[in-house]
1. Among the trypsin sites (Lys or Arg not before Pro) within the stretch 207-298, which fall in a DSSP loop and have no more than 11 other Cβ atoms within 10 Å of their own Cβ?
2. On a C-alpha basis, how far is the centre of the stretch 55-110 from the centre of the stretch 115-134 in Å? Whole number, if you could?
3. So which lysines can Lys122 reach, going by Cα to Cα under 24 Å and dropping same-chain residues fewer than 8 places off?
4. The stretch 34-109: which trypsin sites (Lys or Arg not before Pro) are DSSP loop and have at most 11 other beta-carbon atoms within 10 angstrom?
5. Can you give the FRET efficiency to the nearest 0.05 for Val164 and Gln29, using r as the Cβ-Cβ distance and R₀ = 22 Å?
6. So, R0 is 22 Å and r is the distance between the beta-carbons of Val255 and Cys234; what FRET efficiency does that work out to, to 0.05?
7. For Gly112, what residues show an amide H to amide H distance below 5 Å, using hydrogens built from the backbone and excluding near sequence neighbours?
8. Within the stretch 92-175, which GluC sites (Glu not before Pro) sit in a loop by DSSP and count at most 15 neighbouring Cβ atoms inside 10 Å?
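Every read-out reported here was derived from the displayed coordinates using simple, explicitly stated rules and does not represent laboratory data. These figures come from a predicted structure and were not determined experimentally. No Cβ is skipped: glycine too gets one built from the backbone with ideal geometry, and neighbour counts run over all protein chains shown.
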Amino acid sequence: MSMLNLNLPALASNLVKSRTTTTATTTAQQCYIHPVVLFSILDHYLRRNDNQDRVIGTLLGVRSDDGRVVEIRSCFAVPHFETNDQVEVDMEHHRSMYALHKKASAREQIVGWYATGNKLSKYAALIQDFYSREAAPFNAVHLVMDTEMNHGELGIKCLQGAPVGAGGHPENCIFLPLAHELQYPDAELTALQAAADSSDGLVSLISDMEQLEKTIVELCSMLERVSAYVAGVCSGKTKPNNVVGKYLMDMLAVVPKVDTKQFSTLFQSHLQDILMVAYLTNLTRAQLNIADRLQRVV
């Protein structure tokens, strides 16, 4: 197993002289985090060994062309072992997992690393140096999650390292805060809304027809809210907003002009397709149940 041994500052200078380092030249200014990343980190923390106080892993995502905006889309765990004198990071596991991940998501690249805990580890600067070389020529993002919930909430901080002093030693690093916010893709947002709507903690899946009905009700509610705003502006009761007006004009410009009868025909056709799929699904399920019972009788 290939391990990366990172010593404490007193011994780190000898290690640095024996390898070639790449200095990151581009720092990020904004970071967007997908909720699935946070769930993955929590799952890794809950499955940790009994003798581990914290866990670390690799963050994957995409960057803007200039590298100033980072979108963290996924992550994976990296085994590591800490003592009072050094920390060992399993490089072979890290690179194998990254190679497998590239086959599934070719666009995603290494953007940084995560760690659990309510404060920075004494090895954070050394690990940051390793991930900065993995993410070169960009600076690595360090995500810290407070799994102990000392302040009654799941604290999340995004940091990035900046070199200080002379000599270029990896331990000469300070961590600066990085602006971040959660970004909810449509698929993850639907799952989170379903979990939030459940009162007993159990999420029940709804059928396609129920989902369609729910979507139509939400759409009607949004249309009523927009219509009320436009009517209020036209009557002078509501103060107009140029930004909102431009947004509504741009939105209406991309809506295709479809005749009412043609739209009704298309909608009914799509609805019939959904009903046909539901009918075939139920029919297949019934045939499988009958075949299973006949198999038991025989």
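1. Lys237, Lys257
2. 12
3. Lys17, Lys157
4. Within the stretch 34-109, the qualifying trypsin sites (Lys or Arg not before Pro) (loop, at most 11 other Cβ atoms within 10 Å) are Arg47, Arg107.
5. For Val164 and Gln29, the calculated efficiency is 0.65.
6. Working from the Cβ atoms, E equals 0.65.
7. Sorted by chain and number, the residues that satisfy this are Leu59, Val141.
8. Here the sparse-neighbourhood loop sites are Glu148, Glu153.
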